[in-house]
Amino acid sequence: MTATAPTVPGGWSRYLRLWLELLGLCRRAYPGRTAGLLAIKLVSSVNVAATALALQATVDAIVHGDVTAAAAAGVAAAVTYALSAYLLTLDFTLMILMVDSVGALDMTRRINDEIVGLDALDHLERTEVLDRITVVQAGGWSLVYGTWTVVDVVAGAIRLGLTLLLLGTVSPWLLLLLVFAALPLWLDRRGQHAVAKAETDTAEAFRLQRHLFNLATEAAGGKEIRVSAAGDAVTELQTGAWDEAVRGRTRARLRAAGYKVVGWVLFTAGFAGGLVMLLDRAARGQGSVGDVVLAITVAVTLRDSIQMTVARVSRTASSAGVVDAYLWLRAYAARARDADADGLPTPAVLREGITLEGVRFTYPGTDRATLDGLNCHLPAGSVVAVVGEYGSGKTSLVKLLCKFYQPDAGTIRVDGVDLARLVTADWHARTSAAFQDFGRFQIRFGQTVGLGDVQRLDDREAVREAIRAADADALVQRLPEGLDTQLGRRFDGVDLSEGQWQKTALARASMRRTPLLLVLDEPTASLDAPSEHAIFERYMARARELSARTGTVTVVVSHRFSTVTDADLILVLHAGRIVESGTHDELLAIGGRYAQLYGIQAEAYAAG
Ligand SMILES: Nc1ncnc2c1ncn2[C@@H]1O[C@H](COP(=O)(O)OP(=O)(O)OP(=O)(O)O)[C@@H](O)[C@H]1O
């Protein structure tokens, strides 16, 4: 995926399409409730005019001495007035139900499916994507709420239109109130725009604050913070981030409030002028008494109508920040998926292997290449060791092989086909990997292993086989309920040591039967020397077995050189470049960097 931002097609129509789509979602999930809500909003919007007309008829009937007509119109006025209050309560209750169910449940699932479930990893390290995910995840419900607010705006506009129509029948001059009504709307929108921008601008500071909070309260980071007495320093950093975020948002909210006050002052002036004119007409005996009552009734409710419409438009505008972020993320995800849609199938078996040609890679948001000028061939069926000092780029190289990122330049070929052209999900389905920062899935032990091949998640025999491959049989035997043991103390389960968690990650990586790429990134970093030895022996045997079955390339990353001496090919990385490559014996014979570092480590081990 390229680093450029996606363009979201369609100006205003894109909002309209999304609102209609979300209304469709509500209709499919709750047809009765959706129809009910639409009906309530429509009836409410015409009800005010009905009340005003009934009052006008009542007063005129009284003036003409027609008691029966006056009583009938009076009852109609009372019923429509009571109906307003009843509909308001019903509307509120149904709205809450709708937003809770569709907004919280269905939208969260959608957001996860559409955006968070992207196959690549680079989006999780791009701030422009992360900022939007922060906004959307916190406000998924507001997408649905915003949609219904748009329906409210339409209903409010109908109500406002009817109100103005009735006022126009009394005096066309009263229609000027429309101009005064538009001013607060426009000013309020400007304020909301500033607030939405401030929310996106400060999302990073909020994320930092949450990260620091989690760091201090979760067991892993919390231990180190307590031992190093860094609690105050972390709190200070957290307060700083919080302060920055809140200050930005408060400034924008104050500006928005200022716009609102100015808008209301202007409207109040216009409204007062209209009332003076009405009183003048009444004093000069123009129109019926009923007309005057009608004008006063609707003029009084006009204030409410406008206030409600302004509030709804601002609510819609305030959810526009979330809508924009959501549409941007959808376009981003669609582009990523489109790039994959025409992808080529992953081969069933590797025949030649994986070839890197002039590969350069720079992490998103950084300006220095982490890997540069990588040229090498990883033959099908081989065990390739990648060694080098800390930070030399070993893990970055395997991330490229796993297609989590795209190189900035150069190509990675799989049996001659550019890896970028293979369907990412298919390539992932044929990749097995245990990473250095392995996941600690706090579910049942059997599941944490079975997740390595979801199709065989419940295949206990397959899970047991993977456990044996990772030399973790003894660990399972010690667990109170074996494969069914719940992991993680937070869930009333068993906590594992670092080495034991690493073994579960290794077992997970052993679930797939036909991977084309098997990545073991520092697979024994948390294990003791005997376990390390046993694991390497088992993995060399497994690599040979996979090699015969599917031509799998096994890539082992290690900075302990002694563990990889049996590899078919050793790549020595230094500052993002391959500086030497060959077998252990060949590299020793060269007497270069590998030989030097191997010698130093062997001495250190002997001394230890
Ligand atoms: N997500 C990232 N964003 C930006 N820079 C990164 C990221 N991950 C790694 N780097 C940088 O890339 C360089 C290579 O890191 P990498 O993890 O590939 O090295 P490594 O050889 O695997 O190191 P180690 O032996 O410590 O695991 C380092 O300078 C690191 O800071």
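Values computed for the structure shown
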| read-out | value |
| --- | --- |
| Checklist (1) within 30 Å of Thr424 (Cα to Cα); (2) not assigned by TED's automatic domain parsing to the domain that holds Ile443 applied to Ala505, failing item | (2) |
| Which numbered condition Val463 fails, given (1) within 19 Å of Arg538 (Cβ to Cβ); (2) in the same structural domain as Ser547 (by TED's automatic domain parsing) | (2) |
| Selection from the stretch 336-358 of residues that are out of contact with any Leu (no Cβ under 8 Å at 6 or more places or on another chain) and in a strand (DSSP E or B) | Glu357 |
| Residues satisfying the stated conditions in the stretch 523-570, i.e. more than 30 Å from Ala348 (Cα to Cα) and either touching a His at 6+ places or on another chain (Cβ under 7 Å) or among the small types (Gly, Ala, Ser) (or both) | Ala525, Ser526, Ala529, Ser531, Ala534, Ser562 |
| Lone unmet requirement of (1) of a type in the set (D, E, K, R); (2) touching a residue at least 40 places away in the same chain (Cβ under 8 Å); (3) within 26 Å of Leu374 (Cβ to Cβ) for Glu580 | (2) |
| The one condition in (1) out of contact with any Asp or Glu (no Cβ under 7 Å at 6 or more places or on another chain); (2) buried (at least 22 other Cβ atoms within 10 Å of the Cβ) that Arg544 fails to fulfil | (2) |
| 1 or more residues over 29 Å from Val129 (Cα atoms) and away from the ligand (no atom under 11 Å from the Cβ): qualifying strands (runs of 3 or more DSSP E) within the stretch 359-474 | 371-379, 383-388, 409-414 |
| Evaluation of Arg593 against (1) buried (at least 24 other Cβ atoms within 10 Å of the Cβ); (2) within 16 Å of the ligand (Cβ to nearest atom); (3) farther than 25 Å from Arg444 by Cβ (one fails), failing number | (1) |
| Scope the stretch 376-428; condition charged (D, E, K, R), within 17 Å of Arg512 (Cβ to Cβ) and buried (at least 20 other Cβ atoms within 10 Å of the Cβ); matching residues | Lys403 |
| Residue satisfying condition, being at pLDDT below 90, part of a loop (DSSP other than H, G, I, E, B) and touching a strand residue (DSSP E or B) at 6+ places or on another chain (Cβ under 9 Å), within set Leu496, Leu483 | Leu496 |
| Tally, over the stretch 329-370, of residues that are surrounded by 15 or more Cβ atoms within 10 Å (Cβ to Cβ), over 30 Å from Gly381 (Cβ atoms) and at pLDDT 85 or above | 3 |
| Flag if Leu83 is within 30 Å of Thr297 (Cα to Cα) and not small (Gly, Ala, Ser) | yes |
| Breaking point among (1) over 19 Å from Asp585 (Cα atoms); (2) modelled with pLDDT under 85, for Ala548 | (2) |
| Every pair of residues 6+ apart whose Cβ atoms lie under 6 Å, when the first sits in the stretch 396-424 and is of a type in the set (Val, Ile, Thr) while the second is part of a helix (DSSP H, G or I) and away from the ligand (no atom under 14 Å from the Cβ) | Ile412/Leu419; Val423/Asp340; Thr424/Asp340 |
| Residue selected from the stretch 559-575 under the condition modelled with pLDDT under 85 and either of a type in the set (S, T, N, Q) or away from the ligand (no atom under 16 Å from the Cβ) (or both), by the criterion nearest to Arg512 (Cα to Cα) | Thr563 |
| Condition check for Ser305: within 16 Å of Val144 (Cα to Cα) and touching a residue at least 24 places away in the same chain (Cβ under 8 Å) | no |
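The values are calculated or read from the model by the stated rules, or taken from the named source; none is laboratory data. Here the structure is a predicted model, which means the values were calculated and not measured. A quick note on method: Cβ atoms are made from the backbone with ideal geometry, for glycine too, and the neighbour counts reach across all protein chains shown.
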